[in-house]
Every structure is written in structure tokens, then in C-alpha cells.
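S.K.: Pasting a structure below so you can have a look.
Each value in this text was obtained by applying a stated rule to the coordinates, not by laboratory testing. Remember, it's a predicted structure, so these values are computed and weren't measured experimentally. Methodologically, a virtual Cβ is constructed for each residue, glycine included, from the backbone with ideal geometry; neighbour enumeration extends over all protein chains shown.
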Amino acid sequence: MRPQLLVGGILVSLMGILFYLVPLPLTYFWGIPFVVAGGIMAIVSFFLPEGRGPIVPPLGYGFCVFCSAPVLLNSDRCPRCNGLQPRER
Ligand SMILES: [Zn+2]
């Protein structure tokens, strides 16, 4: 069960219904595919495992602002890209 995907699928379906109702040739054409795709997203969400949430750095580390490698919080430079880390942390 992945609630984010369920909500996303419902929103896509609602957008497809809106496209179907709006009397414009291009949006009318995309109405049914959007409803079908939103339905697939909602159904698939029940079979996927729960998302693991945001990625957090290991204890005592922060992410490099340039390359996202873990950097010790008291070090000035990143060991991977040698980028100077901002001091306000
Ligand atoms: Zn880096």
C-alpha cells in the first residue's frame, strides 16, 4: 500500500474527467487515457510496499551541497568532490 500513489492516481483520473468535460479537441482526446492511467496508478498502489520516507544522512554527517556525498559535520571540504561546505550548519 502506497498512499501517495493512490492519491496521485485519483488526481490524474479527476484531471482526465476534467479533460473529457472541457470542450477542447486536444484535452478531449487525452481524457480517457488519463482516466485509465490514473486507475492503473490507484490499483498498483495497493500492491506496492510502503515508501521508506525521506533519506537522512548517517549520525554526525551531512550531505555535500554539491555532490550529496556524506560529509562530516565539522569538516570544511567534501572528501569526494573537495567542494567547500557552507559554515552555517
Ligand atoms: Zn561533494
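S.K.: Would you kindly calculate the translational diffusion coefficient of the range 3-45, applying Stokes-Einstein with the Kirkwood radius from alpha carbon pairs, for 25 °C and a viscosity of 0.890 mPa s, and quote it in µm² s⁻¹ without decimals?
M.R.: Using the Kirkwood radius from Cα pairs, D works out to 248 µm²/s.
S.K.: Same structure again: Could you give the length gained by full extension between I40 and R77, i.e. 0.36 nm per residue of separation minus their alpha carbon distance, to one decimal place?
M.R.: 8.7 nm
S.K.: Now for a different question. Based on Cα positions only, what radius of gyration and what Dmax would you give for the chain, in angstroms?
M.R.: Considering the chain through its Cα atoms, Rg and Dmax are 21.8, 60 Å.
S.K.: With contacts defined as alpha carbon pairs under 8 Å and 6 or more residues apart, what's the relative contact order of the chain in percent?
M.R.: It rounds to 23 percent for the chain.
S.K.: Same structure, new question: Rank by packing, highest mean first: peptides 80-87, 27-34, with packing defined as the count of other Cβ atoms within 10 Å averaged across residues.
M.R.: So the order, starting with the most tightly packed, is 27-34, 80-87.
S.K.: Based solely on its DSSP helices, what 222 nm [θ] is calculated for the chain when runs of n ≥ 4 H residues each add -39,500 (n - 2.57) and the sum is averaged over all residues, nearest 500 deg cm²/dmol?
M.R.: Helix contribution divided over all residues of the chain: -15500 deg cm²/dmol.
S.K.: Determine the dipole magnitude for the chain: charges of +1 sit on the beta-carbon of Lys and Arg, -1 on that of Asp and Glu, nothing else is charged, the reference point is the Cα centre, and the result goes in debye to the nearest 20.
M.R.: Taking the Cα centre of the chain as origin, the dipole is about 240 debye.
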